Each structure stands twice: as C-alpha cells, then as structure tokens.
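The values are calculated or read from the model by the stated rules, or taken from the named source; none is laboratory data. Fair warning: this is a prediction, and the values are worked out from it, not measured in the lab. A quick note on method: Cβ atoms are made from the backbone with ideal geometry, for glycine too, and the neighbour counts reach across all protein chains shown. Please note that ligands, DNA and RNA were not included when accessible areas were found on the heavy atoms of the full protein model with its side chains. Shrake-Rupley method; radii C 1.70, N 1.55, O 1.52, S 1.80 Å.
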Amino acid sequence: YSSKDLHGIELIDSYVFNQVENIRFNSTVGKYVGYTELGLKNAETWNKGSVLAQELGELERVCKRNADIHYSAVLDKTGEQG
C-alpha cells in the first residue's frame with residue numbers, strides 16, 4: 001500500500017515448490033490463479049470452495065489491521081537517519 005488510508009493495500013499469497021510458482025492469490029484479482037497444471041487444478045477447486053472466502057477475509061483480518069498498527073513505525077519514518 002502507498003497511502004495512509006490503506007486504500008491500495010494488496011494481499012499476495014504465493015505457493016512455490018522447487019522454485020516454481022504453482023498458484024497465487026492476489027486480492028486485487030480476487031481469486032486464485034494457477035501457473036502450472038497442478039496450480040490450475042487447485043485454483044479451480046479453491047475458487048469454488050470456502051478456501052477463497054477465507055483468503056479474502058485475511059486481507060481485512062490480518063493485513064489491514066496490522067498495516068494500520070505498524071504504519072507509523074514503518075512508513076512515517078522513511079528517510080530518517082539514525
């Protein structure tokens with residue numbers, strides 16, 4: 001995210017095996033996207049079930065809450081020396 005109101009916050013959750021990204025959830029897209037044969041199958045299954053709803057909830061439950069808490073500790077101090 002790049003603004004204090006957390007408007008542009010984005011959650012990306014990637015699943016990688018042997019340095020190959022198989023599947024990714026991107027909150028901007030709003031669903032899982034597969035990049036390999038297995039990833040495509042999992043994305044199709046996960047987008048239909050409760051896994052997608054749970055992942056969408058993570059943006060609100062974890063990301064936005066923690067970003068708001070830590071915003072001043074991280075972004076407000078950018079450029080300070082010492």
Tell me which residues come under 5 Å, amide H to amide H, from residue 11 once H is placed; ignore anything under 5 positions away on its chain.
-> 27, 28
Could you order peptides 30-37, 54-61 by the average number of other Cβ atoms within 10 Å of their residues, highest first?
-> 30-37, 54-61
May I ask you to rank 62, 29 by accessible area, largest first, using a 1.4 Å probe over the protein chains only?
-> 29, 62
Phi to ³J(HN,Hα) by Karplus 6.51 cos²θ - 1.76 cosθ + 1.60 over segment 9-20, Hz, x for Gly, Pro | 5, 9, 9, 10, 10, 9, 10, 10, 9, 6, 6, 10
